[in-house]
1. Residue separation times 0.36 nm, minus the C-alpha to C-alpha distance between residue 53 and residue 96: what's the value?
2. If amide H atoms are built 1.01 Å from N in the plane of the peptide, which residues on other chains or at least 5 residues away come under 5 Å of the amide H of residue 103?
Amino acid sequence: MMPKILFIRATRKNLESLAAWVQRSQSMALDTAAIRQEVWFSGHVQGVGFRYQTRQVSMEFDVSGTVQNLLDGRVHLVAEGEGKEVTAFMDEVSHQMSSYIKDVETSEVLDPSGLSGFSII
């Protein structure tokens, strides 16, 4: 069975709307269902401690994943865990790093691959 994938594109203006939408969509699904969410952040997101701060934030949540700089200047973040944990984690990263974020693209899969720990690539 193919996993369900959802793509979202947002600008900095509607990051709060995106966070609210993600929260609503997550609450409609089972909060305890395991999910995998991938986010591509663009803006001034490299060279500002984005990956380090993301890893620090991950320690406050029950999530596993990776964060890495991409050659095109974006940061790619992958997080897996229970829906409510992943949502809260992504909200906190977006909140703490909002002054650096211009655009956000998100993909969500309801069938995570089983990552362990959280690392900077």
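1. 14.6 nm
2. Residues meeting the criterion, in which the H sits 1.01 Å from N, are 42, 43.
Values quoted throughout were computed directly from the atomic coordinates according to the rules given, and no laboratory measurement underlies them. Being a predicted model, the structure only gives us computed values, none of them experimental.
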